[in-house]
Structures are given as C-alpha cells and as structure tokens.
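J.: Pasting a structure here, questions to come.
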Amino acid sequence: MKKYLFLAIAGLLSFTACDFIEDIFNKVVPQEVTIQLKSNGEAFEVAGIAIDIVDAAGTASFQEVTDEKGVAVFILPVGNYTASVTYKTSEDGLRLVYNGSNSAISVAMDAENAFDINLQKVESQQLIIKEVYTTGCPKNETGTYSNDAYIVLYNNSDIEADASNLVISLVYPANAHATNKYYDAAGKLLYGEADWIPSYSAIWTFDSPVTIPAYSQIVIACFGAIDHTETVTASVNLSKAEYYWMQKNDQFTNAKYVASDNIPATHYLSCTPQNSGNSWVVSNSAPAVFIGKMAKAEVAALVANKDGYDTTCGTTAALAMVKFPNANVVDGVDIWSAANIEKSHVRFPASLNTGYVAITNNQGHSIYRNVDKEATEALPENEGKLVYDYAGGTLDAAAATGSTDPSGIDAEASIKAGAHIIYSETNDSGKDFHERKVQSIKE
Amino acid sequence: MRKTVIILLLLATALQAAGQSRVFKGTVVDKRTGEPVEFATVLVKATEQWSVTDEKGRFSIGNISVATSRVEIASLGYVTLVQEVKFTNREVTDVTFKINEDNLTLESAVVTAQENSNSAATSRTIDKTALEHVQVMNVSDIASLLPGGATVNPSLTSDQQISLRSGKGESGSSSFGTAIEVDGVRLSNNASFTSSDLNGRSGSVKGASTNNIASSNVESVEVITGVPSVEYGDMGSGVVKINTRKGKTPWSVTMSTSPKTKQVSLSKGFALRNTRKGVNLGVLNASAEYTKSVTDPLSPYTAYDRKQLSLTYSKQFAEGVLSDTPLRISAGVAGNLGGLDDRADPDKMLDTWLIKKDNSLRANFTSNWLLSKPWITNIELNASMVYGDKQERENARYHNSTTSTALHATQAGYYISSDYVEGGANNAVLLPMGYYYNVMAVDDKPFNSKVTLKANWVKNVGKIDNKVKAGLDWTVDKNYGVGQYSEDLATAPSYREWRFCDVPAMHNLGAYLEDNFMFYTGKDSHVNVIAGLRWDNTVINGSAYGTTSSLSPRFNAKWTMGKFSVRAGWGQAVKLPSFSVLYPTPSYYDIDIFTSTADANNKVYRAYYVMPRKIEYNPDLVWQRNTQAELGMEATLAGIHISLAAYSNTTTGAYNKGTVYDAFAYLKTPVSSVQGLSIPATDRIYTLNPETGVITVSDVTGANAPIEAAGVPKKQLIQRYYEKNETSPIRRIGLEWVVDFPRIVPINTSVRVDGSFYTYRSVYTDMDAYCPYTTLSKDGSPYKYIGWYYGGNGNSNGTETRSVKTNVTFTTHIPQVRMIVSLKVEGSLLRYSRALSERADGSARSHVLSDRTDRLSFTDASVYDGPGYSVLWPDYYSTVDDPGTLKPFGPAYLDANESNKDLYDDLTSLVQANTTYNYTFLPDYISPYFSANISATKEIGDLASISFYANNFFNNRGQVRSSKTGNMSSVTSYIPSFYYGLTLRLKF
C-alpha cells in the first residue's frame, strides 16, 4: 500500500513537476515576434527604421531595425511589451516625422506574435528662406551699390535636407508697389483663390546635388559672387568657396556679373528665363522671393508651355507669367519698400503667405528671419548657448520705423556659440521676418 | 568770284551812261524833331530801286522808269512809312518824308504779328514793339504770336527749335525743314551729328536750335508759312527770317529778369565819319548781350549762358561813278560763347560735371549794287558762314567691383581684354577695379557756308510790273569735330572712334529763276502772279551718295481788289539730309563670349565677339520733299479785318531708318569650363584665338601646361540699320484765321481773335523686319526667326490728330500815357488724336482678339470699332539660316499650332499682341482747356520803358479728361505753369 502511495505521490509530483518545468522552460525560451510598420493602413516599406520595445515592467528594452518591407523581427520572451517608433526624414524641403507605438504587444508561446505599428506622419517646413539681401548699400563716397544681392536658405530642422530639387524664383510684379493688373478695383488679389502664383523673370535650379546639414545654411549670390568689400566697404564678401552663384544666362546679355574662382562649378545655379529681359531682375527695392520644389525637367516643361502662362497682365513675353503651382511652393517672403507702403500690394495668396516685411533701400539692410523662441529654447543642446538682447534690428519705436526680432535672441551670435536655431515659420512675412541693420554674413 | 565782281563792276560802269529817265530826290526827317534821319532806306517798290540817306537825310534815285510807285522809307527805331509817289516830272526833288519814331505814343503801335499784305504767300512780321512786349528770350518763343499759337514759358536750358504748321511728336522732321535765317545767314543743322540724329520712326531730325541767337538784338522776325520764293532752298515748309539791328541808334541798355532767366544787353549804332573831311564812313551797330538761364530756380546752378557780341557794318557808295548806280555793302559778325554748365551745382556728385558748349560764329557779307539798267536792275552778292562748336564734355565717376572691359574695336572679330598700353591697339582695355573719374567728350563742330549771286530785272510796261529774279547759290556743309573721344583712354568706358571731320563735305549748287508779274487792273486792284523754278544739285564727293539733283517748282498768285484779296500758292521744296541721316553713328553688337572667374584681386578677363552693325549707304536715298498748297484771303469789312489761310502740306520720302537682319556664327565659352582648373586663378593668362574664338588658359609660372577651354558654337541674328525714305506720305491740312476788330475808342482797346484748325495723318506702310534677337528660341539657342511686318512691328503704324485752337487778345493801348496792356486768352477747343493700324488702302492690319489670351482667334470687328485687345501678325517670316527668303506667316503659324508646338511657341514671339490696354485705338479727345496771359509795357518818357508779363496768371491747375482712357489729368501738361518776367530798357 505504501508502495502505491509513493507511486501515486511520485506520479503526482512528476506530473506537477512537468507542468512546472515546462512552464519554467517556456517562459525563458524567447519567441519570434514580427512588427510591421504601417501608415494609413498600408505597409510602410522603409528599411532601417529602428523600433524600440520595452517590457511591461520597463526593465528590459529591445531594438531592431526594419527590413525593406518595413518589418522588424524580435526574439522576445513571452510577455507584454510596448513598441514605439520615431522616424525622421525629409522630402522636398519638408521635415517629415513618423511617430507610432503599440502597447498591446503580448508575446505568447506558440502564437503568431505578429504585430503592427501604425505610424502618424507629422510634416514641418525644413528648408526656409532665412535672409534676403537685395536692396543694396551705400558706396564708399556717394551712390548706391546693389550687385551684391544674396539669398540664404536654411535647414530649419535637425535632419539633413536634400535641396537638389529646390528652385528659386520671384513673384510678379518685381516691386510690390509697381502698377499691375493682378488686383481688382478693391485691391483684391485676382489669383488669391487660384492654385498658382505668377512666377516672374526666371526659375533657378541647382546644377549639382545639394544637401544642407541640420541647422545649417547655404548662401546664394544673386549677381556677383565676389568679394564686394574690396571696393564697397558696406558690402559683403560673396567669394567664399562654400557659397553658391546664380550664373549668367545667355539671354541675360546685359548682366556683367562674375564669380570668384573659389566657388566650384558644382555650386552654380542655372536658370530658365521665362520672361523677356536681358537681365535677372531681382528688385533692389521690394521683391517677393519664393523657393519651391520641382525637378529640373519639370521646370523646363513648365516654362516651355506658353499656353499655360497667365496673361492677366498681357500676352507679351514681358507680361505673360508662368503659373507656378502653390503645391510646389516651399517658402516665400513678401518684401515691401518702406518708402512705398501705401502703394504696395501683397503678392502671395493667403494660403501661402500673409503679411509683408518692409525694408529701407540702399542702406545695407537685409530681411532676416525671426527666431522661434519656444522651439529653440526647447532644444536641450541649446542649454547655455543662446545669446539674448538682440540689437541687430532696425526698430525705432519713436520714429515708428523698422522692425526687429521679437524673440530677443541674437541668432547669429547664438549659432557662433554652438546653438541650434529654429526660425519662426508662421507663413506670415510680417511675423517671420524683420529688417536687419547689417547683412548677417558681413564680417 | 572776285574776278566776276570786278568784271561786273567794269561792265556796269561802262553802261551807266545809258538812257536816263526820272530822278527821285528827297529828304527824310524825324517827324517830331524835324531832324534829318541818316541811314534811312528809301525803296521804290515798283522798280525795286533804293537809296540810303546821308547825314542830311538826303537821298537820290535815278533811272526811275515808272510814273507812280509806292515808296517805302525804313530806318531803325522808326515806323516804316509807305507812301504813294507820282514821278510825273523828270525830276522829283522836293519830297520830304517825315517818319515817326517808333514808340507807344503812336496809335499804330501793335503787339501782335502783322500780316504782310503785299505778299502773295502767307507771311507775318513781328516787330520790335511786339518782341519787347512779350519779352522774347528765345526766338522760338515767337511761335505763340502766330495764329493759334500757344505760349510756352521761356527756356534756354534745352535746345529749342521752331516748327511751323506742325505738332509735337510727328513724323517728317518739321523743325528740320523750317529754314531759319539771321540776317540772311542760314542756321543749318545739316552738318551737326549731335543735334540732328534720326532715331527711328518715332524720332525726327531736329532743326537748328535758336538758343544762341541774342534775342535782345532782334529787330524783327518775318515768318513765311506760305509757299516761299524759290530763292529759299534746303527746306521743307516755312521760312523764319530774323533781322537784327542795323543802323544808327542811341545807346540802349536792357535788363530782364524772370525766375529762371536773367539778361543784360547793351547796344549802340555808331555813325562813322571822318569829321575832318566830312566823309561818311558808314554805320556800325554793336551789340553785346549776356543771358543766363537756370534749370531750377530753387537750385540755380546748372545753367545755360549766352555771351554774345554782334557787329554790323553797312555803307553806301553813291559818289563819283557810283552816283547813279549806288553800291551798298553790309558785313556782320556775331560771336557767341556759352552753353550749359553744371560745374557749380552742389547737388551733383563731387567733381562730376557736364559742359555743353553752344559757341557759334556767324558772319555775313552782302553787297547790293543798284544798276538800274533796262536789262538789269539790281545785283546782289551774299556770302555767309556759320561755325558752331557744340563740344560736350562730361566728367563722370565710375565704379567697378571687378576689373571691367572697355571695347574700342571697330572691326568684326574676337577680342579679349588686356591691360592698357600707351599707344597700343587697345581694342579691349582692362579697366581698373575701384573708383575713378574719366572725361568723355563729343566734339561736334558743324560748319555751313553759302555764297549767293542774285540779279533782279524789273520791267514796267503800262499796267504791268514784271520782275525777274535769277540766282545761283552754293552751300557747303562740313563738320570739323573729331567726334567722341576720351581724355584718358586707360579708364575710358566702351566707345568707338567716329571722327566727324572725316566725313566728306556736302556741296549743294542751287540755281533758280522766278518771275513776279503784277498787272494793275484798276486803281486799287491788281493781279500778282509769281512763278519760279529751283534746281538743286547736291554733290557729296567721297561717298556712295554721289550726286543728287532735284527740282522745286513754286507758284503764287494773288488778286487784290481794294480791301479784299484772294491768293493761292503751290510749291515743292526739298530738304537736304543731315549728316546724321547720311552717316548714322556706327553701332556695334558686342557679344559676351567668355567671362573668366574672378581671382583673389577680383581681376576678371572678358572676351567678346564684336559685330559692327554696319550701316550701308543707301544708293536709293533721295531728299525728303514737301509739297505745299495754300489758299488765302484777306478782307476788311466794316472795319473788321479778316485773314484766312487754308493749307495742305504733304511730305513724301521722309527720312527714316530701316532695319535688316543678318546671321552670323561665333564660339562661346562658358565660365564653368575654366572654373577649378589646376592653374591657380591668380597665375592664369587667358589668350584668345582671334580666328576661332577658342580660349586658352596658360600658367604664368609655367608649372602647368596650357589648357584649351571647351567652347560652344552659336549662331545668331544681328540687326543692322540703313537710312531710307518712307514710301507713304505724311499729310498736314489746316486753316488759320486772324480777325482784327476795330478799336473800341472809348476804352482804347482792340480785340484780335486768331486760331487754327490743324489735321495730321501719317500711316507707315513700309515692310519692316523685326527679330527679338536677344531672346532665346525654345531649344535654348539664340532666337532664329525674323518677322516681316507691314508698317513695322508696332501695334500701331500711324497717327492722326486734329486740333482747334483759338486765342483772343485784348490790347489796351493808351498813347497818351505811353502804355500798352494785352490780355491773351489761349484756348484749346479740340484736341484729338488716334493711333492707327491700317494698310494704304485702309484695310485692316491689326485684328481684334476674340479672347484676350488667344492669339489665334479674331473677331470681324475693326480695331477702330470700340474697345478691344488687338493683335498684329507679321505678313511673312524668315529664318536665321536664310534670312532673305520670306514665307507667309499665317499658314505656318496655324499649322505649327497643330503639329509643331516648339515652332508655334517660337513664332508666337513674333506675334505682337496688344493685351495690356483695350483702348489703344480709341479716339482720344482731350476736353477743352484755357490759359490766360497778360503783358504790359509802359514807356517813361523817351528814356526808359518797362515791360511785365505773367503767363497763366490765373494759375490754372485744373484737370482735363481723356476720352480714350477716361482718366482725368492735370491741365499743366498742356498749358504753361504760372510764370512771370520783367524787363527794363534804357535809351540815351
């Protein structure tokens, strides 16, 4: 009897021990877990995206990267996990952030253990116009000089930007105060509801691939890419090797501009003239400058399609305008001459830009972007590097003239101190820009 | 010439003993003082015999063949007296003519232009009283005194011309065709290059400037707007004869001021005689004037000044063998120094200035020999010259941010910039970087001389006076200026040498014959017929123009019946071309084929392909011709004097500039082909193969082998000009009226109403080429098509205008207080203009677009029917590969729209669409407007007089409406702004 009792106990123990052992075994043997990234219900097939998984206790974390199908494979013990992804990329001047998480990942024995993470895309402007200097400066004795115009493009993000397909052009008319037919009797912009803006003079494209690192800029000389300070002290040195140059076009027979040999041919921009005229006509008074995204071939096709031109102002080569699609506009700034505010009109539809920034001509002033104070201060790496008490603006409250950066942050001094600047981007030229006393690149 | 004169003198001396008839002797005295008047001219109108009084006021004219004649007595400072004289006796010796000193004590004093009632062509004279009353500063100001004339504020800081029976902005160069003579010296603009440029159809050749004529020395101005005598050649329409002071006068000082102008002058006519021998040595009139006119009275520094000295000497030789055949000589010289100068202007950039000289020297000699023979009455020899110095010098400040290149090459080919070398070829000079000054000058020294020999033969038979005039004249136009140059070639901007003095002289030999036939049909009635023919033979040796001959017939007829007369005239005139028409300033097309990168010192080399836009001589060029017809009448009814003149002026073969296009190929080297070469930028030497245009980069250190840069072949069209005659006529038709109402005695006031109706129409019908050759074709190559347009490539190919202007002048003259006040109200009742686009037969040239944006769809409407956007297609087009082969444009364009979009887009550049304004061809009526001017002159005894004027003294600054645009605009665009002036004259 005793024998049977032992056998029974042994049997029970062995049975119980098997479950226990098996249970123990199963818990320590990892399971294969697949996580598929999805966006809008479709597989997000991008390789190399890191997926982080943390267990329910928060004590263990795992990371794998996706394959070309957007799938990452983990080997995890059975249990509950939370997976999360942040994927940053850029496209055509936009900064794209894909965020997604799944806190319902429960890994079980012999289960399929296949989970999805649905990504939410957040777009933000990556490439912006940081500065426009076209209005000239005084010559050393008398007279004014405006062959030293330049535009600064800036990567307003923490991701390297590909600017290869970026284009630069102007909105008609060349001066905000110029009489033209784009306004009705009440002053309403006739193409305000349209899906295009009238691009004027020429569309410029980069000859070679261009990338702009995070929080960095490129300087593009509009006319002469030389050291203008050699003869005009108030001007700027545009001969640096890292600068870019809008090179002369065959049509622009009146242009006498040259580039320094320092500037490599890979830093040249070419243009497709769209209006008659023997020179690239960046106004030295009140231009509206915009950047857009468009491949070179598309630019050529757009300019060549004369039937697609807008002829509101006339059908002649001087007055028919290329309709540049709003969807391709990345950034723009509407600059008005301080002396002609009453006569000026906005040139962008409200969907792209509102407001204007005024400038006094021929004083070496430039239009400079305001700092997004909150976003810039929020960057942890900026701790202790931001310089305040900006005094580079032209605001004269007593005379009610000029403007300055309301953030108070001295962007250029902060950059020199190692800070990363995020500039304001509200699509309102009046809020995003101010009139700077001195060109930012002036040494 | 000297020999001829001597022979003629001997001949006349031998013949002087021939048959005698009546002798006319008498005395001329001052009516008020009874003192004899010396140097008065006595003219027997019927026979054109004359004499000049001696110091006792005596005169003598022999061989008078008529029984009666009007006799005219004229002397400086006196009112011209015309009196009928009967030569019934063989000797009339007891006549005393009493002439009145010209001043405001006389009832007859007038301050308006007076019609010359004896002339068979419309002619008006403005005398000293009128000139002083309106205070003429520039002789061109007299235009306001002609029928319908509008007052302009005086200005000397820009060149002023006189243009008769024409409007502003018209084709046909009317001011160039207006003949202006100062004491018989023609102010020709023919030889000037700087002031007579023909700038395409929109421009005209400008006539001679009147700025450098001393206005204070002008005694009278005669304006012939009708068909002039054939003795006037080289003209279009209209003669302005300016007579300066000649004769014995007291000292005269004039001081004038207005906000922009100050003037002071001094004159005196001296009777020269040897007191010991009592011999009359003639009379010398001397005049000096200084006038300064500023551009801006608020900043009176940039100024035009006129410093003029005039001397006129005249003498009659009537003693001894010349007692019956007096010889009168007159010689004058006038020198002017002055011009525009802004050196004192503090608003100019430091050390920059502009000096435009307006120096001139005029000289003339006239000898008039009264032979009074049955076969010749009078012989006259004139010689004159005008030399102008219109040099312009400008000191400008330059700034180069890099080294720059100045081109001086005149031959086609490739050129690359290199450092300036003293005495070197220097076709493309490397200019320094930085700031510097350079003086550029244009040296323009036109010269005109003229010699005239003229003979009159007067025959009086019964009721017929027949006067025959025959003459020869020889004119020479030449320029002695060196053209454009720099005072420092090392820093001179691009310019090309164009030596005016190398241009050959233009000679014109004119010969003319005119018969003036007068038939007296009654006591106060006669018929006057004048017929003449002029032949001009223009010789330009050393040029392709060679010799050109032209004939100019002219006729005038007038029937006078008491106080009524009617006249008619028809005539032609040819205007010789200016040198700018014959030899337009050469221009060059400089194609930038290479620009290097800038080195560390901003040194940049540039290479160009220079293509002269060579201007071909046009062997078919003929002289511009004007055909004038006129009908006029004068009548006095119930004391109201009415004068009407209707005219038609048609200009044919107007000087114009034509355009042709040629293709040429060149090599272009992009800058990227030399950027980043292994040779450091500062060590590079750029050389150019002048034949191929290939750029080679060498290393000045020798460390690197030379590198040949890759070029891109290009082919391009180039525009060239040539001078031509327009095929279509320019027509002007008008009517002028002057009505003088009888004086209203109680208020000492007379009223004149004058005005003009004027129409102008010109439609350009030449087939002109146009190519937007500086743009690119669809494929990125230089544009390769040429459009051929009927009437040029403008949307409009013509203009028509109409105007009605009326002036009312109230003149209050109170002789008792020696004062005259005039109020002139100038009104524009009709001012109309319209742009035209049509063919010679009136058919459509431009079309109205159905849709503003669609160049292919037209409506049936005419562009004249109402508002609409219009389009002009070329009639033909040709290509860069074969510019001379013309293909119909329309079918090719429509076909390209269907099948060849690239060609369609390229050809679209030739389509001239007018889609900016829809009112281009609408009639433009400017609403009526008025302006009032007041002038007053007061004499203070015989010693002084003072004049004051105020233009637009109501300060009318209202608005006028344009029917074309519907817009209102300020009337100040059409009338003078408020302006005033004061003149004080002293006589002692």
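The values are calculated or read from the model by the stated rules, or taken from the named source; none is laboratory data. Note that the coordinates shown come from a computational prediction; the quantities given were computed from them, not determined experimentally. For neighbour counting, all protein chains shown are included, and Cβ atoms are generated from backbone atoms with ideal geometry for every residue, glycine included.
J.: List the number of the failed condition for B:Val71; all other conditions in (1) surrounded by fewer than 20 Cβ atoms within 10 Å (Cβ to Cβ); (2) free of Cβ contacts under 8 Å to residues at least 60 places away in the same chain hold.
T.: Going through the list (1) surrounded by fewer than 20 Cβ atoms within 10 Å (Cβ to Cβ); (2) free of Cβ contacts under 8 Å to residues at least 60 places away in the same chain, B:Val71 breaks only (1).
J.: Looking at region A:290-304 only, could you name the residues that are within 11 Å of chain B (Cβ to nearest Cβ) and without any contact (Cβ under 8 Å) to a residue 60 or more places away in the chain?
T.: Quick first cut of region A:290-304, residues within 11 Å of chain B (Cβ to nearest Cβ) only: A:300, A:303-304.
Selection gives A:Ala300, A:Ala304.
J.: Would you check if B:Thr916 is without any contact (Cβ under 8 Å) to a residue 40 or more places away in the chain and assigned to a loop (DSSP other than H, G, I, E, B)? Write out each step before concluding.
T.: Working: without any contact (Cβ under 8 Å) to a residue 40 or more places away in the chain: yes; assigned to a loop (DSSP other than H, G, I, E, B): yes.
Considered against the rule, which asks whether it is without any contact (Cβ under 8 Å) to a residue 40 or more places away in the chain and assigned to a loop (DSSP other than H, G, I, E, B), B:Thr916 comes out as yes.
J.: Give me a count of the residues in region B:680-703 that are more than 55 Å from the chain's Cα centre (by Cα) and either surrounded by fewer than 20 Cβ atoms within 10 Å (Cβ to Cβ) or among the aromatic types (Phe, Trp, Tyr) (or both).
T.: Of the residues in region B:680-703, 9 are more than 55 Å from the chain's Cα centre (by Cα) and either surrounded by fewer than 20 Cβ atoms within 10 Å (Cβ to Cβ) or among the aromatic types (Phe, Trp, Tyr) (or both).
J.: Identify all residues within region A:364-374 that are of a type outside the set (Ser, Thr, Tyr) and crowded, with 18+ Cβ neighbours inside 10 Å; write none if there are none. Steps first, answer last, please.
T.: Within region A:364-374, the subset of a type outside the set (Ser, Thr, Tyr) is A:364-365, A:367, A:369-374.
Matches in region A:364-374: A:Gly364, A:His365, A:Ile367, A:Arg369, A:Asn370, A:Val371, A:Asp372.
J.: Given (1) at pLDDT 95 or above; (2) over 24 Å from B:Phe948 (Cα atoms), identify the lone condition not met by B:Gly320.
T.: (1)
J.: Filter region B:383-409 down to residues that are under 32 Å from the mean Cα position of the chain (by Cα), away from chain A (no Cβ under 12 Å) and not basic (Lys, Arg), then give me how many there are. Reasoning before the result, please.
T.: If we filter region B:383-409 for residues that are under 32 Å from the mean Cα position of the chain (by Cα), which is where we start, we get B:383-396.
Now drop any that are not away from chain A (no Cβ under 12 Å), which leaves B:383-395.
Still in the list and also not basic (Lys, Arg): B:383-389, B:391-392, B:394-395.
Residues that pass the stated criteria total 11.
J.: Right, something else. Counting only residues that are surrounded by 22 or more Cβ atoms within 10 Å (Cβ to Cβ) and more than 9 Å from every other protein chain (Cβ to nearest Cβ), how many does region A:255-271 have?
T.: Residues meeting the conditions: 2.
J.: Taking B:Asp444, is it surrounded by 16 or more Cβ atoms within 10 Å (Cβ to Cβ) and closer than 27 Å to B:Lys563 by Cα? Give the derivation first.
T.: On the way: surrounded by 16 or more Cβ atoms within 10 Å (Cβ to Cβ): yes; closer than 27 Å to B:Lys563 by Cα: no.
The answer is no for B:Asp444.
J.: Within region B:287-299, count every residue that is buried (at least 16 other Cβ atoms within 10 Å of the Cβ), touching a residue at least 40 places away in the same chain (Cβ under 8 Å) and either under 11 Å from B:Pro259 (Cα atoms) or not acidic (Asp, Glu) (or both).
T.: Residues of region B:287-299 that are buried (at least 16 other Cβ atoms within 10 Å of the Cβ), as a first pass: B:287-295.
Those left that are additionally touching a residue at least 40 places away in the same chain (Cβ under 8 Å): B:287, B:289, B:291, B:293-295.
From what is left, the residues that are either under 11 Å from B:Pro259 (Cα atoms) or not acidic (Asp, Glu) (or both) are B:287, B:291, B:293-295.
Residues meeting the conditions: 5.
J.: So which residues in region B:410-426 are assigned to a loop (DSSP other than H, G, I, E, B) and within 40 Å of the chain's Cα centre (by Cα)? Steps first, answer last, please.
T.: So the first thing to find is which residues in region B:410-426 are assigned to a loop (DSSP other than H, G, I, E, B), and the list is B:410-412, B:417, B:419-426.
Correct list: B:Thr410, B:Gln411, B:Ala412, B:Ala425, B:Asn426.
J.: Checking A:Thr233 against (1) surrounded by fewer than 19 Cβ atoms within 10 Å (Cβ to Cβ); (2) within 12 Å of chain B (Cβ to nearest Cβ); (3) under 25 Å from the mean Cα position of the chain (by Cα), which single condition isn't satisfied?
T.: Of everything listed in (1) surrounded by fewer than 19 Cβ atoms within 10 Å (Cβ to Cβ); (2) within 12 Å of chain B (Cβ to nearest Cβ); (3) under 25 Å from the mean Cα position of the chain (by Cα), A:Thr233 misses just condition (3).
J.: Select from region B:312-353 the residues that are among the aliphatic types (A, V, I, L, M) and within 14 Å of chain A (Cβ to nearest Cβ) and write down the one among them that is surrounded by the most Cβ atoms within 10 Å (Cβ to Cβ).
T.: Of all residues in region B:312-353, those among the aliphatic types (A, V, I, L, M) come to B:318, B:321-322, B:327, B:329, B:331, B:333-334, B:337, B:340, B:344, B:349-350.
If we keep only those that are within 14 Å of chain A (Cβ to nearest Cβ) as well, we get B:349-350.
Numbers: B:Met349: 13, B:Leu350: 10.
Checking each candidate, the answer is B:Met349.
J.: Filter region A:272-287 for residues that are under 24 Å from the mean Cα position of the chain (by Cα) and closer than 20 Å to A:Leu153 by Cβ; which is nearest to the other protein chains (Cβ to nearest Cβ)?
T.: Kept after step one, since they are under 24 Å from the mean Cα position of the chain (by Cα), are these residues of region A:272-287: A:272, A:282, A:286-287.
Remaining after also requiring closer than 20 Å to A:Leu153 by Cβ: A:272, A:282, A:287.
On the way: A:Thr272: 9, A:Val282: 16, A:Pro287: 21 Å.
This residue is A:Thr272.
J.: Return yes when B:Val429 is part of a strand (DSSP E or B), out of contact with any Phe, Trp or Tyr (no Cβ under 7 Å at 6 or more places or on another chain), more than 30 Å from B:Asp324 (Cα to Cα) and in contact (Cβ under 8 Å) with a residue 60 or more places away in the chain and no when it is not. Let's see the steps before the verdict.
T.: Numbers: part of a strand (DSSP E or B): yes; out of contact with any Phe, Trp or Tyr (no Cβ under 7 Å at 6 or more places or on another chain): no; more than 30 Å from B:Asp324 (Cα to Cα): yes; in contact (Cβ under 8 Å) with a residue 60 or more places away in the chain: yes.
When the stated conditions are applied, B:Val429 does not pass them.
J.: Take the residues of region B:704-713 that are assigned to a strand (DSSP E or B) and surrounded by fewer than 17 Cβ atoms within 10 Å (Cβ to Cβ): which is farthest from the other protein chains (Cβ to nearest Cβ)?
T.: Pass one, region B:704-713, residues assigned to a strand (DSSP E or B): B:707-708, B:712-713.
From what is left, the residues that are surrounded by fewer than 17 Cβ atoms within 10 Å (Cβ to Cβ) are B:708, B:712-713.
On the way: B:Glu708: 17, B:Val712: 10, B:Pro713: 13 Å.
Filtering first and then ranking leaves B:Glu708.
J.: Would you call B:Lys558 away from chain A (no Cβ under 14 Å), more than 25 Å from the chain's Cα centre (by Cα) and either assigned to a helix (DSSP H, G or I) or in contact (Cβ under 8 Å) with a residue 24 or more places away in the chain (or both)?
T.: Details: away from chain A (no Cβ under 14 Å): yes; more than 25 Å from the chain's Cα centre (by Cα): yes; either assigned to a helix (DSSP H, G or I) or in contact (Cβ under 8 Å) with a residue 24 or more places away in the chain (or both): yes.
When the stated conditions are applied, B:Lys558 passes them.
J.: Which residue is modelled with the lowest pLDDT, if the candidates are limited to region B:669-679 and must be under 19 Å from A:Trp245 (Cβ atoms) and over 56 Å from the mean Cα position of the chain (by Cα)? Steps first, answer last, please.
T.: Pass one, region B:669-679, residues under 19 Å from A:Trp245 (Cβ atoms): B:669-677.
Filter once more, so that each one left must be over 56 Å from the mean Cα position of the chain (by Cα): B:676-677.
Working: B:Gly676: 78, B:Leu677: 83.
Ranking the qualifying residues of region B:669-679, first place goes to B:Gly676.
J.: Another question, then. Of the conditions (1) assigned to a loop (DSSP other than H, G, I, E, B); (2) over 23 Å from B:Pro154 (Cα atoms); (3) in contact with a strand residue (DSSP E or B) (Cβ under 9 Å, 6 or more places away or on another chain), B:Pro300 satisfies every one except a single condition; which number is it?
T.: Single failed check for B:Pro300: (2).
J.: Could you tell me whether A:Ser84 is among the polar types (S, T, N, Q), part of a strand (DSSP E or B) and crowded, with 16+ Cβ neighbours inside 10 Å? Steps first, answer last, please.
T.: On the way: among the polar types (S, T, N, Q): yes; part of a strand (DSSP E or B): yes; crowded, with 16+ Cβ neighbours inside 10 Å: no.
No, not satisfied.
J.: Find the residue count for region B:880-902, including only residues that are touching a strand residue (DSSP E or B) at 6+ places or on another chain (Cβ under 9 Å) and surrounded by 14 or more Cβ atoms within 10 Å (Cβ to Cβ). Full working, then the answer.
T.: Residues of region B:880-902 that are touching a strand residue (DSSP E or B) at 6+ places or on another chain (Cβ under 9 Å), as a first pass: B:880-889, B:892-893.
Filter once more, so that each one left must be surrounded by 14 or more Cβ atoms within 10 Å (Cβ to Cβ): B:880, B:883, B:886, B:889, B:892-893.
Going through region B:880-902 one residue at a time, the tally reaches 6.
J.: Still on this structure, please answer the following. Name the single residue that is surrounded by the fewest Cβ atoms within 10 Å (Cβ to Cβ) among those in region B:26-50 being of a type in the set (Gly, Ala, Ser) and assigned to a loop (DSSP other than H, G, I, E, B). Spell out how you get there, then give the answer.
T.: First, pick out the residues of region B:26-50 that are of a type in the set (Gly, Ala, Ser): B:26, B:34, B:40, B:46.
Filter once more, keeping what is assigned to a loop (DSSP other than H, G, I, E, B): B:34, B:40, B:46.
On the way: B:Gly34: 10, B:Ala40: 27, B:Ala46: 22.
Ranking the candidates gives B:Gly34 first.
J.: What strands (runs of 3 or more DSSP E) lie completely within region A:305-374 and have 3 or more residues being more than 24 Å from B:Asn900 (Cα to Cα), more than 14 Å from chain B (Cβ to nearest Cβ) and of a type outside the set (Ser, Thr, Tyr)? Let's see the steps before the verdict.
T.: Numbers: elements: A:322-325, A:329-337, A:357-359, A:366-369.
Where strands (runs of 3 or more DSSP E) fall fully within region A:305-374 and carry at least 3 residues being more than 24 Å from B:Asn900 (Cα to Cα), more than 14 Å from chain B (Cβ to nearest Cβ) and of a type outside the set (Ser, Thr, Tyr), they are A:329-337, A:357-359.
J.: Tell me which strands (runs of 3 or more DSSP E) are completely within region B:577-690 and hold 1 or more residues being within 14 Å of chain A (Cβ to nearest Cβ), or say none if there are none. Let's see the steps before the verdict.
T.: Numbers: elements: B:587-595, B:606-613, B:624-637, B:640-652, B:655-668, B:684-688.
Because the criterion is at least 1 residues that are within 14 Å of chain A (Cβ to nearest Cβ), the strands (runs of 3 or more DSSP E) in region B:577-690 that meet it are B:587-595, B:606-613, B:655-668, B:684-688.
J.: For A:Leu238, indicate whether it is more than 17 Å from A:Thr205 (Cβ to Cβ), more than 7 Å from every other protein chain (Cβ to nearest Cβ) and modelled with pLDDT of 90 or more.
T.: Values: more than 17 Å from A:Thr205 (Cβ to Cβ): yes; more than 7 Å from every other protein chain (Cβ to nearest Cβ): yes; modelled with pLDDT of 90 or more: yes.
Taking the combined requirement at face value, the residue satisfies it.
J.: Can you give me the number of residues within region B:352-390 that are within 22 Å of B:Leu472 (Cα to Cα), in a strand (DSSP E or B) and small (Gly, Ala, Ser)?
T.: 4
J.: Another question, if that's okay. Please go through region B:415-439 and give me each residue that is farther than 23 Å from B:Thr692 by Cα, within 14 Å of another protein chain (Cβ to nearest Cβ) and of a type outside the set (Phe, Trp, Tyr), ordered by number.
T.: Within region B:415-439, B:Leu431, B:Pro432, B:Met433, B:Gly434 meet the criteria.
J.: If I filter region B:770-791 down to residues being part of a loop (DSSP other than H, G, I, E, B) and crowded, with 22+ Cβ neighbours inside 10 Å, which single residue comes out as farthest from the other protein chains (Cβ to nearest Cβ)? Even if it seems obvious, please write down each step before you answer.
T.: First, pick out the residues of region B:770-791 that are part of a loop (DSSP other than H, G, I, E, B): B:771-775, B:777-781, B:783-784, B:791.
Next, from what is left, pick out any that are crowded, with 22+ Cβ neighbours inside 10 Å: B:771, B:791.
On the way: B:Cys771: 13, B:Gly791: 19 Å.
That would be B:Gly791.
J.: Hey, among the residues in region B:741-769 that are acidic (Asp, Glu) and farther than 30 Å from B:Lys668 by Cβ, which one's farthest from the other protein chains (Cβ to nearest Cβ)?
T.: Applying the first criterion (acidic (Asp, Glu)) to region B:741-769 yields B:754, B:766, B:768.
With the extra rule that they be farther than 30 Å from B:Lys668 by Cβ, the set shrinks to B:754, B:766.
On the way: B:Asp754: 41, B:Asp766: 23 Å.
Ranking the qualifying residues of region B:741-769, first place goes to B:Asp754.
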